[in-house]
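Q: Submitted below is the structure of interest, expressed as structure tokens.
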Amino acid sequence: MTSNPDPVELVSPDAFAPTLERIANAIESHGLTIFARIDHAAGARAVGLAMPPTVVLIYGNAKGGTPLMLASPQAALDLPLRVLVREREDGKAIVAYHPAAPLMKRAGVPDDLASRLDPAQALLAAALKS
């Protein structure tokens, strides 16, 4: 089994909070659902530790993901999609994700189906430009 593809990391022109809002709005405005928000910094605070703002959004759409999981049930290990929004040490906001197509191909999803997730990730970069 091959390792995960290197994550894509995009530097946002905005601070953390507006970046997180832009990403969440872009996801939802494209008809995708945010299934969960994991606030790692809040978890750290809850146990007395400090961490820069760090949130993972878990998002997707059953109409898009189900055919991939039907083609290869192992694809469910990497679905729904995830995006990390974090604040770097220099105060810049970073948006990061693992490219989905290589993960899906590794799980045995045919190329034509694996590439269907590309638009759901391309919208992340587009959100930082608008």
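The values are calculated or read from the model by the stated rules, or taken from the named source; none is laboratory data. Keep in mind that what you see is a predicted model, and the values were worked out from it rather than measured. Cβ atoms come from the backbone with ideal geometry, glycine included; neighbour counts cover every protein chain shown.
Q: Would you tally the residues in the stretch 51-77 being surrounded by fewer than 20 Cβ atoms within 10 Å (Cβ to Cβ), farther than 23 Å from L128 by Cα and within 17 Å of the chain's Cα centre (by Cα)?
A: Counting residues in the stretch 51-77 that are surrounded by fewer than 20 Cβ atoms within 10 Å (Cβ to Cβ), farther than 23 Å from L128 by Cα and within 17 Å of the chain's Cα centre (by Cα) gives 4.
Q: Does A114 fit the bill of being closer than 23 Å to D6 by Cβ, assigned to a helix (DSSP H, G or I) and under 13 Å from the mean Cα position of the chain (by Cα)? Talk me through it step by step, then tell me what you get.
A: Working: closer than 23 Å to D6 by Cβ: yes; assigned to a helix (DSSP H, G or I): yes; under 13 Å from the mean Cα position of the chain (by Cα): no.
No.
Q: Looking only at the stretch 9-27, which residues are touching a residue at least 60 places away in the same chain (Cβ under 8 Å), surrounded by 15 or more Cβ atoms within 10 Å (Cβ to Cβ) and either aliphatic (A, V, I, L, M) or not in a helix (DSSP H, G or I) (or both)?
A: Within the stretch 9-27, L10, S12, L20, I23, A26, I27 meet the criteria.
Q: So in the stretch 28-50, with the set limited to residues that are in contact with a helix residue (DSSP H, G or I) (Cβ under 9 Å, 6 or more places away or on another chain) and free of Cβ contacts under 8 Å to residues at least 12 places away in the same chain, which one is surrounded by the fewest Cβ atoms within 10 Å (Cβ to Cβ)?
A: The selected residue is A50.
Q: Say we look at the stretch 102-111 and pick out the residues that are surrounded by fewer than 22 Cβ atoms within 10 Å (Cβ to Cβ) and more than 17 Å from the chain's Cα centre (by Cα); which of these is farthest from K63 (Cα to Cα)?
A: Taking the candidates together, the pick is R106.
Q: Kindly evaluate P99 against the criterion of being closer than 17 Å to P7 by Cα, at pLDDT 95 or above and crowded, with 19+ Cβ neighbours inside 10 Å.
A: The answer is no for P99.
Q: Which one of these is on the phi < 0 side of the Ramachandran plot and either modelled with pLDDT under 95 or under 12 Å from the mean Cα position of the chain (by Cα) (or both): A122, A93?
A: A122
Q: For the stretch 51-65, give me each residue that is free of Cβ contacts under 8 Å to residues at least 24 places away in the same chain and more than 30 Å from D112 (Cβ to Cβ).
A: Across the stretch 51-65, the qualifying residue is only M51.
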